[in-house]
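A.B. asks: Quick one: this structure, given as structure tokens, is what I'll be asking you about.
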Amino acid sequence: MQSIHLADFHPEMNLFDALSPEAFRKLLGIARRETVEAGSALLREGGDADTLSVILAGKVKVFKDGDDGQPMEIAVLGSGSIFGEMGVFDGQPASATILAAEDSSVLLIPRARLFEFLKANPDIAFSMMHAMIYILSARLRKANVHASSISSSNPLLGQALNDLLGD
């Protein structure tokens with residue numbers, strides 16, 4: 001296992017922005033760092049999703065299976081980005097496949113350890129949940145913008161997205 005240092009974290013890593021250095025060090029105590037090679041799968045759509053992952057260095061690509069069964073690239077995430085949070089918080093299987101686009105370093109926090117940690121540290125839990133809500137809200141806003149763009153060029157698909165995303 002590789003050691004984890006504060007200097008490893010990208011300055012825009014907003015999940016941890018609200019944490020004091022002491023709280024951040026506590027959180028690092030439940031995490032592990034892993035180096036992954038380009039092409040390695042970090043999550044598989046439909047598979048277990050019980051680990052919150054933070055990209056320390058490198059890039060990953062996010063894929064969804066299309067209607068034809070072929071993977072469609074939907075995002076590229078870089079340093080400071082998180083993934084796996086949906087499965088950690090809702091207990092559902094992974095909604096997408098995550099592949100390392102290049103050799104990368106990732107911080108991994110398993111669900112059970114994260115929840116134990118948050119229960120034992122309610123002040124840290126509040127700060128992290130606030131940041132998580134911000135991140136997820138930003139992603140939803142981005143999805144809404146994409147849905148609006150698609151809706152204007154394809155009314156039938158736009159209606160389907162509207163039904164999916166709500167008003």
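A.B. asks: Restricting attention to the range 87-96, does a residue exist that is at pLDDT below 95 and among the acidic types (Asp, Glu)?
C.D. replies: Yes; the residues of the range 87-96 include at least one that is at pLDDT below 95 and among the acidic types (Asp, Glu).
A.B. asks: Taking the range 57-76 as the region of interest, how many residues are under 21 Å from LEU107 (Cβ atoms) and at pLDDT below 90?
C.D. replies: Matching residues across the range 57-76 total 1.
A.B. asks: State which residue is surrounded by the most Cβ atoms within 10 Å (Cβ to Cβ) when the search covers only the range 42-59 and only residues that are part of a strand (DSSP E or B) and more than 12 Å from the chain's Cα centre (by Cα).
C.D. replies: LEU56
A.B. asks: A follow-up question, please. Within the set of pairs 6 or more residues apart or between chains, which connect a residue that is over 22 Å from ARG113 (Cβ atoms) inside the range 31-51 to a residue that is hydroxyl-bearing (Ser, Thr, Tyr) and assigned to a strand (DSSP E or B) with Cβ atoms less than 6 Å apart?
C.D. replies: That search, which allows pairs on different chains as well, returns GLU45/THR97.
A.B. asks: Given the residues ILE98, ILE82, which is the only one that is touching a helix residue (DSSP H, G or I) at 6+ places or on another chain (Cβ under 9 Å), within 25 Å of GLU37 (Cα to Cα), surrounded by 14 or more Cβ atoms within 10 Å (Cβ to Cβ) and aliphatic (A, V, I, L, M)?
C.D. replies: ILE82
A.B. asks: Which residue pairs have Cβ atoms closer than 8 Å, lie 6 or more positions apart in sequence or on different chains, and pair a first residue in the range 82-95 that is under 11 Å from ILE109 (Cα atoms) with a second residue that is of a type outside the set (A, V, I, L, M, F, W, C) and in a helix (DSSP H, G or I)?
C.D. replies: VAL88/ARG111
The values are calculated or read from the model by the stated rules, or taken from the named source; none is laboratory data. This one's a predicted model, so the numbers in the text were calculated from it and none came from an experiment. As a convention, Cβ positions derive from the backbone with ideal geometry for all residues, glycine included, and neighbour counts pool all protein chains shown.
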